[in-house]
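Presented below is the structure to which this report refers.
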Amino acid sequence: GQQVMQIPQYQHVQEGEDFTTYCNSSTTLSNIQWYKQRPGGHPVFLIQLVKSGEVKKQKRLTFQFGEAKKNSSLHITATQTTDVGTYFCAGRRNTGKLIFGQGTTLQVKP
Amino acid sequence: NAGVTQTPKFRILKIGQSMTLQCTQDMNHNYMYWYRQDPGMGLKLIYYSVGAGITDKGEVPNGYNVSRSTTEDFPLRLELAAPSQTSVYFCASSPGTSSLEQYFGPGTRLTVT
């Protein structure tokens, strides 16, 4: 069954509003990665988090890895229409395999 | 560098037909992967390879086969295509244990009717 859950599945926001997607694993992860997939495109790597409690920023994007290394979040401040797409988290277990969440699709209304 | 390339971009198969999805990377990456993505779903790992001559099953290997005779190429073979194999197939590669982000190809959209 699904071992990495992402919520929400869909999110519609007005341009300028903030957006957050959450990723939860049933087991401890060695690291977590985030990818973005534009409509009709392929996943593109955004970032990798490795340490417990780690926080990384990329311009308007803030990524967090939970203290227990079982959950993560991606927060976008002041969304823009260029942020449209599906955001996937992918957790790596100790076995080395990467398990993708089902993704959160973001729509931004101008 | 072209990165990861996949052919064909689109294909329609009849039930029971076979085909090979091609994947090539020019980044000298050791690790290569095949995923399928069904509508509204995440990526499910079909097969992966940690180097030439070495392959292993992922979450959903049934109905597929792979080979890895060179570092660059990682073809995916579908035997006896079934409607359940209608999906978008992505090939990906990653450098290795020191840096495990994955670089994806553009995908192959396959329809089995």
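Out of curiosity, is A:Phe19 touching a residue at least 40 places away in the same chain (Cβ under 8 Å), in contact with an Asp or Glu (Cβ under 8 Å, 6 or more places away or on another chain) and crowded, with 17+ Cβ neighbours inside 10 Å?
Values: touching a residue at least 40 places away in the same chain (Cβ under 8 Å): yes; in contact with an Asp or Glu (Cβ under 8 Å, 6 or more places away or on another chain): yes; crowded, with 17+ Cβ neighbours inside 10 Å: yes.
For A:Phe19, the condition - touching a residue at least 40 places away in the same chain (Cβ under 8 Å), in contact with an Asp or Glu (Cβ under 8 Å, 6 or more places away or on another chain) and crowded, with 17+ Cβ neighbours inside 10 Å - is met.
I need the full set of residues from region B:1-45 which are in a strand (DSSP E or B) and either polar (S, T, N, Q) or free of Cβ contacts under 8 Å to residues at least 24 places away in the same chain (or both), in order please.
Step one: list which residues in region B:1-45 are in a strand (DSSP E or B), which gives B:4-7, B:10-13, B:19-25, B:31-37, B:43-45.
Within region B:1-45, B:Thr5, B:Gln6, B:Thr7, B:Thr20, B:Gln22, B:Thr24, B:Gln25, B:Gln37, B:Lys44, B:Leu45 qualify.
Go through region B:76-99 residue by residue and tally those that are within 18 Å of B:Thr55 (Cα to Cα) and either crowded, with 18+ Cβ neighbours inside 10 Å or among the polar types (S, T, N, Q) (or both). Walk me through how you get there before you give the answer.
Looking only at region B:76-99, we keep the residues that are within 18 Å of B:Thr55 (Cα to Cα), and these are B:76-79, B:89-97.
From what's left, either crowded, with 18+ Cβ neighbours inside 10 Å or among the polar types (S, T, N, Q) (or both): B:76, B:78, B:89-94, B:97.
The number of residues fulfilling the criteria is 9.
Against the condition within 14 Å of chain A (Cβ to nearest Cβ), within 29 Å of A:Gly91 (Cβ to Cβ) and of a type in the set (Ser, Thr, Tyr), how does B:Tyr64 come out, does it pass?
Against the criterion (within 14 Å of chain A (Cβ to nearest Cβ), within 29 Å of A:Gly91 (Cβ to Cβ) and of a type in the set (Ser, Thr, Tyr)), B:Tyr64 does not qualify.
Among the candidates B:Gly42, B:Gly58, single out the residue that is at pLDDT below 95, out of contact with any Gly (no Cβ under 7 Å at 6 or more places or on another chain) and at negative phi.
Working: B:Gly42 fails: out of contact with any Gly (no Cβ under 7 Å at 6 or more places or on another chain).
The unique qualifying residue is B:Gly58.
Kindly indicate whether A:Gly40 is within 17 Å of B:Leu43 (Cα to Cα) and modelled with pLDDT under 95.
Details: within 17 Å of B:Leu43 (Cα to Cα): yes; modelled with pLDDT under 95: yes.
Yes: the conditions hold for A:Gly40.
Return the residue satisfying two criteria in turn: it lies in region A:15-31 and is assigned to a strand (DSSP E or B) and either in contact with a Phe, Trp or Tyr (Cβ under 6 Å, 6 or more places away or on another chain) or among the polar types (S, T, N, Q) (or both), and of such residues it is nearest to the other protein chains (Cβ to nearest Cβ).
Step one: filter region A:15-31 for residues assigned to a strand (DSSP E or B), giving A:19-25, A:31.
So of that shortlist, the ones also either in contact with a Phe, Trp or Tyr (Cβ under 6 Å, 6 or more places away or on another chain) or among the polar types (S, T, N, Q) (or both) come out as A:20-21, A:24-25, A:31.
Details: A:Thr20: 18, A:Thr21: 13, A:Asn24: 14, A:Ser25: 13, A:Asn31: 8 Å.
Among them, the one singled out is A:Asn31.
How many of the residues making up region B:46-59 are over 13 Å from B:Tyr31 (Cα atoms) and either buried (at least 16 other Cβ atoms within 10 Å of the Cβ) or touching a residue at least 40 places away in the same chain (Cβ under 8 Å) (or both)?
Summing the residues that are over 13 Å from B:Tyr31 (Cα atoms) and either buried (at least 16 other Cβ atoms within 10 Å of the Cβ) or touching a residue at least 40 places away in the same chain (Cβ under 8 Å) (or both) in region B:46-59 gives 2.
One residue is enough: does region B:99-108 have a residue meeting the conditions in contact with a Lys or Arg (Cβ under 6 Å, 6 or more places away or on another chain) and not in a strand (DSSP E or B)?
First pass over region B:99-108, keeping only residues in contact with a Lys or Arg (Cβ under 6 Å, 6 or more places away or on another chain): none.
No, region B:99-108 contains no residue that is in contact with a Lys or Arg (Cβ under 6 Å, 6 or more places away or on another chain) and not in a strand (DSSP E or B).
Could you tell me how many of the residues in region A:51-77 are surrounded by fewer than 13 Cβ atoms within 10 Å (Cβ to Cβ) and closer than 30 Å to B:Pro106 by Cβ?
From region A:51-77, those surrounded by fewer than 13 Cβ atoms within 10 Å (Cβ to Cβ) are A:51-53, A:55, A:57-59, A:67-68; that's our starting set.
Now narrow it down to the ones that are closer than 30 Å to B:Pro106 by Cβ: A:57-59.
Of the residues in region A:51-77, 3 are surrounded by fewer than 13 Cβ atoms within 10 Å (Cβ to Cβ) and closer than 30 Å to B:Pro106 by Cβ.
Identify, from the list A:Ala78, A:Ala90, the residue that is among the hydrophobic types (A, V, I, L, M, F, W, C) and farther than 28 Å from B:Gly3 by Cα.
Values: A:Ala90 fails: farther than 28 Å from B:Gly3 by Cα.
Going through A:Ala78, A:Ala90 in turn, the sole match is A:Ala78.
List the pairs whose first member sits in region A:43-65 and is more than 14 Å from chain B (Cβ to nearest Cβ), whose second member is part of a strand (DSSP E or B) and among the small types (Gly, Ala, Ser), and whose Cβ atoms are under 7 Å apart, counting only residues at least 6 apart or on separate chains?
A:Gln64/A:Ser72; A:Gln64/A:Ser73; A:Phe65/A:Ser72
From the residues in region A:58-103 that are assigned to a strand (DSSP E or B), at pLDDT below 95 and of a type outside the set (Gly, Ala, Ser), which one is farthest from B:Arg36 (Cα to Cα)?
Result: A:Arg92.
The values are calculated or read from the model by the stated rules, or taken from the named source; none is laboratory data. Only a predicted model underlies this, so the values are computations on that prediction, with no experimental measurement involved. Glycine gets a Cβ as well: all are built from the backbone with ideal geometry, and neighbour counts include every protein chain shown.
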